[in-house]
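Take a look at the structure below.
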Amino acid sequence: MASKLIAPSVLAADFANLQRDVEMINHSDADWFHIDIMDGVFVPNISFGMPVLRDIAKHATKTIDVHLMIVDPDRYIKTFADLGSNILTVHYEACTHLHRTLQAIKAEGMKAGVAINPHTNVSLLEDTIKDIDLVCIMSVNPGFGGQSFIENTYKKVKQLKEIIDRNNASTLIEIDGGVTNKNAKQLVDAGADVLVAGSYVFKSEDPIQTIKGLKEIIS
């Protein structure tokens, strides 16, 4: 079985000490950087934009997994490629022509991800699953960190895994929101490949040890 991945969410980092927290992720057992870009329109919060991502990319030594929670993401695909994104995830709910958006992301040399909100059914991805490198299942309502995990997520992971297997796709399943040591193993057992952890990592006394503990649970 391929190794399962941990992607600390930089949204939960200390923005006044961002370089320190980026270096911490570099030196930890984490696999990816998960970076949430929010516009205050698609979600009721505004996070950081292009200059901050550019500075993170300058110091990061691991895969940069960018999650766009914005309307009309097509406008910025090339920009995010130029800023150093390795994976670009757009929301199903924000894309009128999902297939075209996925092709545009890949044309810029990035892996293409699709995120779905808690109310969105995974079956809607059946037709495009072979074009999707990663599906990010939101296990909280998007927009703010520190929310509690939505229990229906396990069922969605299993349903999505069935769709991936049935279509002989190699899509990874990522879980974003409320991930802790209490649900990590259950999520991986249900079929998850990548766990995004924000507050659980950054609000802990020893983030490096917390990441190591999560990695041990899921490997």
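Since every read-out is calculated from the coordinates, none of them should be taken as a lab result. What you see is a predicted model, and the numbers here were worked out from it, not measured in a lab. Note that we place each Cβ from the backbone using ideal geometry, even for glycine, and neighbour counts take in every protein chain shown.
Here are the numbers:
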| quantity | calculated |
| --- | --- |
| Condition met for H67 (closer than 23 Å to T96 by Cα and under 16 Å from the mean Cα position of the chain (by Cα)) | yes |
| Q186, sole failed condition from (1) in contact with a helix residue (DSSP H, G or I) (Cβ under 9 Å, 6 or more places away or on another chain); (2) exposed (fewer than 15 other Cβ atoms within 10 Å of the Cβ); (3) within 30 Å of E23 (Cβ to Cβ) | (3) |
| Residue check, L125 surrounded by 19 or more Cβ atoms within 10 Å (Cβ to Cβ) and in contact with a helix residue (DSSP H, G or I) (Cβ under 8 Å, 6 or more places away or on another chain) | yes |
| Any chance S219 is surrounded by fewer than 17 Cβ atoms within 10 Å (Cβ to Cβ), within 25 Å of I25 (Cα to Cα), of a type in the set (G, A, S) and in contact (Cβ under 8 Å) with a residue 24 or more places away in the chain | yes |
| Conditions (1) farther than 22 Å from E205 by Cα; (2) touching a strand residue (DSSP E or B) at 6+ places or on another chain (Cβ under 7 Å): number failed by P44 | (2) |
| Residues that are touching a Pro at 6+ places or on another chain (Cβ under 9 Å) and either crowded, with 20+ Cβ neighbours inside 10 Å or in contact (Cβ under 8 Å) with a residue 60 or more places away in the chain (or both), drawn from the range 106-118 | A115 |
| Flag if A60 is surrounded by 15 or more Cβ atoms within 10 Å (Cβ to Cβ), farther than 20 Å from V135 by Cβ and out of contact with any Ser or Thr (no Cβ under 7 Å at 6 or more places or on another chain) | yes |
